[in-house]
Amino acid sequence: MASGQQWVLVEMVQAFYEAPAYHLILEGILILWIIRLLFSKTYKLQDRSDLTEKEKEELIEEWQPEPLVPPLSKDHPSLNYDVVTGPPSHKIIVNGKECINFASFNFLGLLDNERVKLKALTSLKKYGVGTCGPRGFYGTFDVHLELEERLAKFMRTEEAIIYSYGFATIASAIPAYSKRGDIIFVDEAACFSIQKGLQASRSFIKYFKHNDMEDLERLLKEQEIEDQKNPRKARVIRRFIVVEGLYINMADICPLPELVKLKYKYKVRIFLEESMSFGVLGEHGRGVTEHFGVNIDDIDLISANLENALASIGGFCCGRSFVIDHQRLSGQGYCFSASLPPMLASAAIEALNIMEEDPGIFSILRNKCRHVHEALQGTAGLKVVGENFAPALHLQLENSTGSRENDLKLLRAIVDYCMERNIALTLARYLDKEERFLPPSSIRVVVTVEQTKEEIENAAKCIREAALNVLKK
């Protein structure tokens, strides 16, 4: 027994001499640290206070909590809004004054259409006002299923799903598919609802310059190189490209054919947000895919709201059945929000009927868009931003004052000048501190099929006069 212990001691000494120097130094530091912890003094917090009860009370009374929100000026535009009475159709009553409407996204003029209103009223009498429940909890009505079937048929996809709130549609769809660890390549001009969807997904976001396919391909190549370094990890990462058809903040179109080429080259999925192009572009109003002649099956998911061309409320997604069905289990806005009121679903169905019966309405709208675009060219101090077929253009200052607040005041003065002369325009509004890439201040000019040639010329003349009067000061 003694000889065995002696042999173990000899081995320990031998191992000590054979150990590398850094190993001995590290062990020595650890031993010294343990000894220090064992013999260091401990200090107890004092249980007493040098303040009297009166002094404590005085301090408590003097204390002021931090404000819940930052202070806001009383003349902030968001606190001083224009009030509409009556339908915001071709003619709109704003602050008690009747104007020609160049502000509402009523592109096809269906908001005050008699057929649409009659269908909604009939549905109201049959179903009541709302649904009081999500789709999975007695919130699915036969009219919802009919609308989904009609939208899928109109868009020539396998299936469609409807949401009760347009903003929540793409904001719910993105996180339903893209999760933590996945990668989303997104245009830096993407609208705020897309940004909220990206945030909710908690995916890794890579922004590319607006409509810059070279910059997007650069990011895709960089990711491809990263994937080659760790192919096992790459196999479980999903990759998406998220773009808008017509960008609401820029009024220009995405280069969809080039995006489809990159999709197949780098094996990514494309999500296309078409709220501004659905019911606008293409021979039959099917949007950007029809405009470019791209096979709709090349797009993994298309989303749009029902609040612009269809003049209703809510939104929809369409695509292959297995893709859409996943949202019925994972789309937050679908699963947890009360479903679309049946009268609004009925109104959307009737609006689709009108679009299918009269496809010439889309060429009329595009002609009106070109007319407005041309009429606004050469306005002193303002530049027209957007494609000549976009139904919502932007007027930006040619020379900024250097202050966003002052720019907005100038543009608001132009809007007020026009409103006094019975032309209703609106400023493009953004959440300044929330936007990932804040667009320049602008006036939004919305085109509808109801606007006459004379009204367009009169509005353009009024805007030119307003710019001269406001910007020369």
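The values are calculated or read from the model by the stated rules, or taken from the named source; none is laboratory data. Quick caveat: nothing in here was measured; it's all calculated off a predicted structure. Please note: Cβ atoms are built from the backbone with ideal geometry, for glycine as well, and neighbour counts cover all protein chains shown. For accessibility, only protein heavy atoms count, side chains too; no ligands or nucleic acids. Shrake-Rupley method; radii C 1.70, N 1.55, O 1.52, S 1.80 Å.
Numerical summary
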quantity: Rounded to 5, the percent of DSSP beta bridges in the chain classed as antiparallel; calculated: 60
quantity: Acute angle (nearest 10 degrees) that the helix 114-127 long axis makes with the longest principal axis of the chain, alpha-carbon atoms; calculated: 60
quantity: Solvent exposure of the chain as accessible area per residue, Å², 1.4 Å probe; calculated: 55
quantity: Within the chain, longest stretch clear of exposed chymotrypsin sites (Phe, Trp or Tyr not before Pro) (DSSP loop, no more than 13 other Cβ within 10 Å); calculated: 82-436
quantity: Cα-based helix-to-principal-axis angle, 2-18 vs the chain, degrees rounded to 10; calculated: 50
quantity: Furthest towards positive pole of dipole, 92, 147, 382, structure part the chain, Cβ charges; calculated: 147
quantity: Selection of trypsin sites (Lys or Arg not before Pro), segment 358-458, meeting DSSP coil and at most 10 other Cβ within 10 Å; calculated: 433
quantity: Residue-by-residue Karplus 3J(HN,Hα) for segment 177-182, coefficients 6.51, -1.76, 1.60, Hz, glycine and proline x; calculated: 10, 9, 10, 4, x, 6
quantity: Taking segment 223-312 and dividing mean pair separation by its residue count, relative contact order in percent (alpha carbons under 8 Å, at least six apart); calculated: 25
quantity: Value at 222 nm in deg cm²/dmol, rounded to 500, when DSSP H runs of n ≥ 4 in the chain each add -39,500 (n - 2.57); calculated: -14500 deg cm²/dmol
quantity: Sparse-neighbourhood loop sites, GluC sites (Glu not before Pro) in segment 272-380 - DSSP loop, at most 14 other Cβ within 10 angstrom; calculated: 283
quantity: Whole-Å distance, taken between Cα centres, linking segment 135-187 and segment 71-101; calculated: 32
quantity: Crossing angle, helix 453-471 versus the chain [Cα axis fit, 0-90 degrees, rounded to tens]; calculated: 60
quantity: GluC sites (Glu not before Pro) within segment 379-429: DSSP coil, no more than 12 neighbouring Cβ in 10 Å; calculated: 398
